[in-house]
Amino acid sequence: MWEHKHGWDESKHSKVYLVVVHGAFAVVMGALLALGFGYLVMLLWNAVLPAVAAVHHITYWQSVGLLLLARILVGGFGRHGHGHGSGSRQRREAWRDYEAWWRETGRQSFDEFAQGRGERKSE
C-alpha cells in the first residue's frame, strides 16, 4: 500500500522499523540489567562484607562504580574475539579438521575400542 502511494518499498521500511525497535529494546533491557546488577551488588555487599570485614555499607551508585571498575580491571570493554569474528572462523576450521580426522582415523579407532570393551565384558 505505501509503495504505491508514496513510492516507499514496504519491505525496506519494515526492516528499518524492526532494526529500530530491536535496538531500542536492547538499550532498554541493557539499562534494566545494569540497574539490576548494581542493586544486586549493593545488597550482597551490605549483607555480607560489613559482617565479615571492617567495611562500610555502600550506596547504589558506589555499587555501580564497583561493577564498572571490576569490568575495566578484569575484562575491559572490547569484544576480544567473541561473536562472528576470527574466533568463529577458527572454530569452524578446527571442526572441519576434526571431521576429516574422524572420517579417516577416528571412527576406526573408536570401533576398535568399543569392540575391545565388549570382549572384556563377556570374559
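The values are calculated or read from the model by the stated rules, or taken from the named source; none is laboratory data. Every value quoted in this text rests on a predicted model; they were computed, and no experiment measured them. A quick note on method: Cβ atoms are made from the backbone with ideal geometry, for glycine too, and the neighbour counts reach across all protein chains shown. Please note that ligands, DNA and RNA were not included when accessible areas were found on the heavy atoms of the full protein model with its side chains. Shrake-Rupley method; radii C 1.70, N 1.55, O 1.52, S 1.80 Å.
Below are the figures for this structure:
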quantity	calculated
Options 113, 77: the member that is among the aromatic types (Phe, Trp, Tyr), modelled with pLDDT under 85, open to solvent by 100 Å² or more (accessible area, probe 1.4 Å) and out of contact with any Pro (no Cβ under 9 Å at 6 or more places or on another chain)	77
Counted residues, region 51-67 - those being outside any helix (DSSP H, G or I), touching a residue at least 12 places away in the same chain (Cβ under 8 Å) and of a type in the set (A, V, I, L, M, F, W, C)	1
Single residue of region 80-97 satisfying the filter (in a helix (DSSP H, G or I) and open to solvent by 100 Å² or more (accessible area, probe 1.4 Å)) that is modelled with the lowest pLDDT	89
Given (1) loosely packed, with under 10 Cβ neighbours inside 10 Å; (2) at pLDDT 85 or above; (3) more than 20 Å from the chain's Cα centre (by Cα), number of the condition residue 121 does not satisfy	(2)
Inter-residue pairs, beta-carbon under 6 Å, first in contact (Cβ under 8 Å) with a residue 12 or more places away in the chain and in region 35-50, second open to solvent by 80 Å² or more (accessible area, probe 1.4 Å) and outside any helix (DSSP H, G or I), 6+ apart	46/57
Of all residues in region 16-34 being open to solvent by less than 90 Å² (accessible area, probe 1.4 Å) and under 22 Å from residue 70 (Cβ atoms), the one that is nearest to the chain's Cα centre (by Cα)	30
